Structure formats: structure tokens, C-alpha cells
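*Asks:* Dropping a structure here in C-alpha cells format, bear with me for questions.
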Amino acid sequence: VIWMEHSGAVEKNTGYSNAKDRVCSLMTSDLCLHLLVFIMVFSFFCFLQFSTNKIADRDGYFHIKFSQLMREHGIIYKLPWMQFAIFKDYFRDHHFLQHILYMPFTFGNLIFWGKCAAFIFAALAGLSFYIILRLCRIKYSFFWVVAFLSSSHAFLYRISMLRVQGISLALMLLCVYFIIKKRYKNLAALAFSFVWLYDGFPLLIAITLIFFLCELFIEKKADFKLLIYLFSGMLAGIIINPFFPSNIESYFFNFGRISSSDTSIQVGHEWYPYNTFFLLKDSAFVFILFFGTIGLVLGSLNKKNYILTSTFFVSLLFMVLLFKSRRFIEYWPPFALLFCAFGVNDLFYSNKENRFVKRGISYCVLSIVVLITGYFTITNFVAARKELKGEPSKDYYKGAALWLKEHTKPGTIVFNTDWDDFPQLFFYNTDNYYIVGLDPNYMYRYNKSLYRTWQDITKGKIENPHKVIVEKFNSFCVLTDNEHKGFIKNANKDPNMRIVYKDKYCSVYSIIL
């Protein structure tokens with residue numbers, strides 16, 4: 001694709017008229033660079049991913065196991081494994097395409113192949129970033145790819161998760177390219193795919209609207225075809241969907257879950273903002289490039305560029321979202337760097353009379369930037385590697401889950417004392433059912449009163465908890481990690497509860513009436 005896009009430029013610059021000469025020129029000038037970037041990006045994420053034998057983030061255990069079940073049994077419309085959640089009887093998979101893409105990785109050791117899927121899709125996001133720069137004729141695209149790998153240790157950590165981040169980032173970057181190049185049909189197909197991939201598809205609407213409005217005000221052109229094709233693709237993705245029409249309700253539920261200000265439900269850390277000092281320190285390299293580019297562009301460019309302006313506002317959008325929720329760290333650095341790449345390219349290569357270039361100090365600045373980039377590449381890789389190694393052991397719930405599988409009947413409800421226990425329990429044991437998992441909102445929406453009761457039990461507020469567990473949750477088995485001190489204290493005092501399994505991570509209680 002890169003060769004096809006560049007063939008016209010090569011013909012113009014070299015005078016070649018023969019197609020064979022053009023191809024040979026392209027191969028000799030670009031093939032080695034493309035191969036180097038490919039090897040560098042894949043090696044980087046491979047070494048990062050396999051610096052530990054754990055899957056980054058607990059939800060990854062659920063996604064790879066769920067993909068295996070989909071491959072074996074087809075589309076899944078119910079999640080009985082979460083007995084007291086809204087998905088028990090009516091499940092709408094808002095990561096449907098993600099689970100399809102994971103299926104080829106479910107034929108062997110799920111942890112090993114799941115980690116392979118995680119680093120491959122992270123690498124594909126990096127390669128998408130590089131390809132867009134090349135297709136848009138951005139100079140020094142190799143440097144910007146290195147900057148992508150240097151941007152933030154939190155970004156590297158989150159994009160290495162066995163979750164949707166890598167795939168969604170790749171598609172968002174391609175969305176920008178299709179908008180710039182006016183590839184309307186490609187944009188519609190991408191919008192359709194994104195709806196199947198992730199219920200965060202409104203982000204595509206925001207990106208497209210920014211480009212539309214910037215082109216309207218700067219170029220005085222109203223490209224309504226962009227909006228028509230985008231919304232057509234999304235509408236098709238919503239309707240031509242194995243979960244239609246229930247998926248529409250799910251979209252509204254998830255949007256409400258994201259925008260809710262109810263702090264009484266303790267959701268995952270990713271929904272809360274970073275400490276400001278930590279964020280500035282962790283993403284210092286991106287902030288330096290971002291605000292440095294803004295300063296250079298404002299002081300040097302005479303003509304407004306709607307593409308550059310659009311990438312600025314897109315990166316600004318993700319920055320605002322990042323200050324609200326840390327989960328947007330996987331999107332802000334790449335889009336900030338995309339703006340920087342377009343800005344620096346326009347500054348140095350569109351404005352031939354720029355004094356900064358004439359003085360010849362650009363090479364000095366470039367050398368300093370390269371050294372800084374090298375420093376951040378190493379430090380952020382090491383920090384991301386350390387965070388990956390800090391994940392809970394892959395065997396954290398393995399012993400307890402396998403014990404329950406062996407000693408209880410299929411369909412037995414296990415009372416789990418924390419919602420984030422579920423992914424590993426599900427990974428090792430799909431014979432048993434559990435109380436809740438993935439997000440406490442799923443239980444809260446199912447039955448608010450029951451959710452409060454479950455909370456009180458797990459926090460040690462109810463003495464002799466066996467009676468409530470049996471009557472309210474129809475469970476005679478309880479699994480808890482050893483951190484729930486209050487619950488464990490009450491359970492040990494309860495004459496109707498006794499420990500039947502214990503290891504260094506967790507315990508299993510049996511309720512005897």
C-alpha cells in the first residue's frame with residue numbers, strides 16, 4: 001500500500017516513466033526501512049509482553065477463555081457464570097469482533113497464545129501509526145515510531161493488555177487516514193467493524209466531526225459525504241448485528257455507566273483519573289513534544305492547515321478525556337504525536353523560507369531530540385516491564401478454582417467476595433457459576449438491594465454470614481482471597497462455615513447446615 005501511494009511521487013522526483021523502474025526504486029529505497037520498523041515494533045512489544053508469564057490485567061483471562069468458548073459453541077447469548085448480574089439471561093457482547101479475532105489463538109496453551117495475541121495487536125497499532133505517516137508523506141517517520149514507543153510507560157502497559165486497546169487504536173488511526181484521503185467507502189467499512197469491536201464507537205464520531213468542522217471553517221468546504229458514510233457504516237454495524245436490537249439498550253447502559261457520577265460503586269481503577277503529577281511525569285516526553293510543537297507552529301506557520309488543526313483538536317479531546325479517566329492513556333499519546341508529526345513536517349518542509357531551517361540549527365535540535373527519545377524509550381520500557389511483572393500471579397485463583405471444579409457439581413453457585421476475582425475463576429473453571437464479575441455495575445443494575453447486601457457481607461459487616469449467603473444467593477460454597485480480613489474473621493467465627501481449601505492466595509469455605 002505504501003509503495004502504491006508513493007509511486008506517483010517517485011515518478012515525479014526521479015523522472016522514471018517505466019513501471020518496472022518505479023517499483024525497483026521503491027523497493028531499494030523503502031523496503032529495508034519498512035522491514036526495520038516491522039522488526040523493531042514487533043520485537044519491542046514481544047520482549048515487553050514476555051518479560052513476565054502473566055497476562056496483563058485480569059480481564060484478559062476472561063477474554064481469551066470467552067473466545068475459546070465462542071469457537072467451540074458459537075455465539076454466546078447468556079452468561080450464567082454471573083448469576084446475579086444483568087447478563088445472566090441476556091448477554092450483548094460489545095467486544096464481539098475482538099473475541100472473533102482472538103479465536104485463532106485459542107487452540108493451545110491459552111496463557112501463551114493469549115500473550116501472543118496481545119503483543120501482535122499492540123504491534124499492529126504501532127505499525128498502523130507508521131503506515132499512516134508514510135502514506136501522508138511525513139518526513140522522519142522512523143523517528144516518530146520510536147517516539148510512539150517512548151511516549152509513556154502507562155501507555156505501553158495498557159496497550160499490552162489482552163483487551164481491545166491495540167485493535168481499537170489501530171482502527172482509529174486508520175479512520176484518520178481515510179478521512180484525510182477521502183476514502184469514504186473504507187471509512188464506512190471501518191465504522192461498521194468498529195461497532196462490532198467496541199462500544200466506544202462514538203469516539204469515531206467525535207474524530208470525524210472535528211475534521212469536518214475544521215475543513216468547513218478553514219477550507220470553506222462542507223464534506224457531508226464523510227458524515228453520511230460514517231453514520232451509514234455505524235448504523236449498518238448496529239442493525240446487522242447478532243445482538244440486535246438488544247445491543248442498543250446495551251450501548252445506552254454502557255454510556256450511562258461511563259458518565260455516571262455515583263461514587264458509591266467502586267469500579268476498576270482505570271475509570272478514575274491519574275494523579276496529575278504522575279501523569280505529567282509519566283508522559284513528560286509527549287507533553288514536551290506536544291507543547292513544543294504548538295509553540296513552533298504558532299510562531300512559524302502563516303497558512304492555516306485544516307489537517308494539522310484537526311489533529312490538534314483530536315489530541316486535545318483525548319487529553320481532556322485522559323484527565324477524566326486513565327483508560328484514555330492508550331489513545332492520547334499516539335494522537336498527540338500524530339499532531340506533532342504533521343506540525344513539524346509542515347514547519348520544516350512546507351515553509352521553505354523558515355529562518356529556523358536557514359540557520360542550520362535544526363540538525364542540532366534533532367540530535368538533542370534523538371538523545372531525549374532514547375532516554376525515554378529505555379526508562380518507559382523498564383517501567384512498563386516492572387508494572388507487567390507486578391500483576392497478580394497467573395496461579396492466584398488456579399488452585400481454588402480447580403478444587404471447586406473437582407469437588408462440586410457443575411452449576412454450583414460459588415459466592416465470590418470480589419467482582420474482579422471472576423476473570424481468573426472463569427478462566428480455570430467454567431463448570432461453576434459465580435455471583436458477579438467484570439464490573440460491579442452489572443450486579444447493581446440487576447438488583448441494587450442485593451448488591452448492597454453482597455457488599456456488606458464481603459466487607460465484614462454481617463456476622464454469621466452463612467444464613468444470608470444461602471438464603472439470598474443460593475450458595476453453599478464461598479471463595480475469598482486472603483485480603484478480605486473482615487469477612488474472613490466473621491466466616492471463621494461462623495459455626496456453619498468451615499475451610500475446605502486454603503493456599504497462600506485464597507480460601508474456600510463450605511457452608512454446612
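*Asks:* Kindly express, to the nearest 10 degrees and within the range 0 to 90, the angle between helix 184-197's C-alpha long axis and the longest C-alpha principal axis of the chain.
*Replies:* 20
*Asks:* Distance in nm between label sites at residue 248 and residue 270, each 7 Å beyond Cα in the beta-carbon direction?
*Replies:* My value for the distance between the label points is 2.8 nm.
*Asks:* Cα-Cα over 20 Å: which of 221/304; 448/489; 304/324?
*Replies:* Beyond 20 Å between Cα atoms: 448/489; 304/324.
*Asks:* While we're here: At 1.4 Å probe size, with the rest of the protein present, what percent of the exposed accessible area of the stretch 34-137 is carbon and sulfur atoms?
*Replies:* 68
*Asks:* A further question follows. Once you have the Cα-Cα distance between residue 53 and residue 112, take 0.36 nm times their residue separation minus that, and quote the gain in nm to one decimal.
*Replies:* Difference between extended and current length: 20.4 nm.
*Asks:* Right, next: Going by average Cβ neighbours within 10 Å, how do the peptides 490-497, 201-208 rank, with the highest at the top?
*Replies:* 201-208, 490-497
*Asks:* For the stretch 45-185, what Kirkwood radius comes out of the mean inverse Cα-Cα distance, in Å?
*Replies:* Computed over Cα pairs of the stretch 45-185, the Kirkwood hydrodynamic radius comes out at 16.6 Å.
*Asks:* Taking every pair of alpha-carbon atoms in the stretch 136-295, what share in percent sits in each 5 Å bin, from 0 to the bin with the longest distance?
*Replies:* 1, 7, 13, 15, 17, 18, 15, 9, 4, 1
*Asks:* Please determine, in degrees from 0 to 90 and to the nearest 10, the orientation of helix 141-150 with respect to the longest principal axis defined by the Cα atoms of the chain, where the helix direction is its Cα long axis.
*Replies:* Between the helix axis and the principal axis of the chain, the angle is about 30 degrees.
*Asks:* Take the alpha-carbon centre of the stretch 413-440, take the same for the stretch 100-173, and report the distance between them in whole Å.
*Replies:* After rounding, the separation between the Cα centres reads 29 Å.
*Asks:* What net charge is computed for the residues neighbouring residue 64, neighbours being all others with C-beta under 14 Å from the C-beta of residue 64, Lys and Arg scored +1, Asp and Glu -1?
*Replies:* Cβ neighbours under 14 Å give a net charge of +4.
*Asks:* Let me ask something additional. With a Förster radius of 56 Å, plug the Cβ-Cβ distance of residue 219 and residue 394 into 1/(1 + (r/R0)^6) and report the FRET value to the nearest 0.05.
*Replies:* So, using R0 = 56 Å, E works out to roughly 0.60.
*Asks:* Hey, another quick one. Among 281/398; 65/493; 185/220; 139/185, which pairs are too far apart, with a Cα-Cα distance over 30 Å?
*Replies:* Long pairs (Cα-Cα over 30 Å): 281/398; 65/493.
*Asks:* Determine, from the Cβ-Cβ distance of residue 470 and residue 103 and an R0 of 30 Å, the FRET efficiency 1/(1 + (r/R0)^6), rounded to the nearest 0.05.
*Replies:* So the FRET efficiency works out to roughly 0.15.
*Asks:* Return one number: the angle in degrees, 0 to 90 and rounded to the nearest 10, between the long axis of the Cα atoms of helix 110-135 and the longest principal axis of the Cα atoms of the chain.
*Replies:* Helix 110-135 sits roughly 20 degrees off the main axis of the chain.
*Asks:* How much of the DSSP bridge set in the chain is antiparallel, in percent, rounded to the nearest 5?
*Replies:* Around 60 percent antiparallel, to the nearest 5.
*Asks:* For the ranges 93-103, 408-418, what's the packing order if you count other beta-carbon atoms within 10 Å of each residue, average per peptide, and put the highest first?
*Replies:* 93-103, 408-418
*Asks:* Given the stretch 94-139, report the % of alpha carbon pairs whose separation exceeds 11 Å.
*Replies:* Of all Cα-Cα pairs in the stretch 94-139, 70 percent lie more than 11 Å apart.
*Asks:* Also: Using Cα pairs closer than 8 Å and at least 6 residues apart in sequence, work out the relative contact order for the chain, in percent.
*Replies:* The value is 17 percent.
*Asks:* Nearest 500 deg cm²/dmol is fine: what mean residue ellipticity at 222 nm does the chain get from its DSSP H runs of n ≥ 4 alone, each adding -39,500 (n - 2.57), divided by its residue count?
*Replies:* -20500 deg cm²/dmol
*Asks:* With the contact rule set at Cα under 8 Å and sequence spacing of 6 or more, what percent relative contact order holds for the stretch 37-91?
*Replies:* 18
*Asks:* Continuing with this model, one more query. What percent does the relative contact order of the stretch 68-206 come to when contacts are Cα pairs within less than 8 Å and at least six residues apart?
*Replies:* 26 percent.
*Asks:* Ok, one more. Work out the P(r) tail for the chain: percent of alpha carbon pairs separated by more than 38 Å, whole number.
*Replies:* 34
The values are calculated or read from the model by the stated rules, or taken from the named source; none is laboratory data. Everything numeric here is computed off the predicted structure, so don't read it as measured data. Note that we place each Cβ from the backbone using ideal geometry, even for glycine, and neighbour counts take in every protein chain shown. Keep in mind that these areas ignore ligands, DNA and RNA; they rest on the heavy atoms of the full protein, side chains included. Shrake-Rupley method; radii C 1.70, N 1.55, O 1.52, S 1.80 Å.
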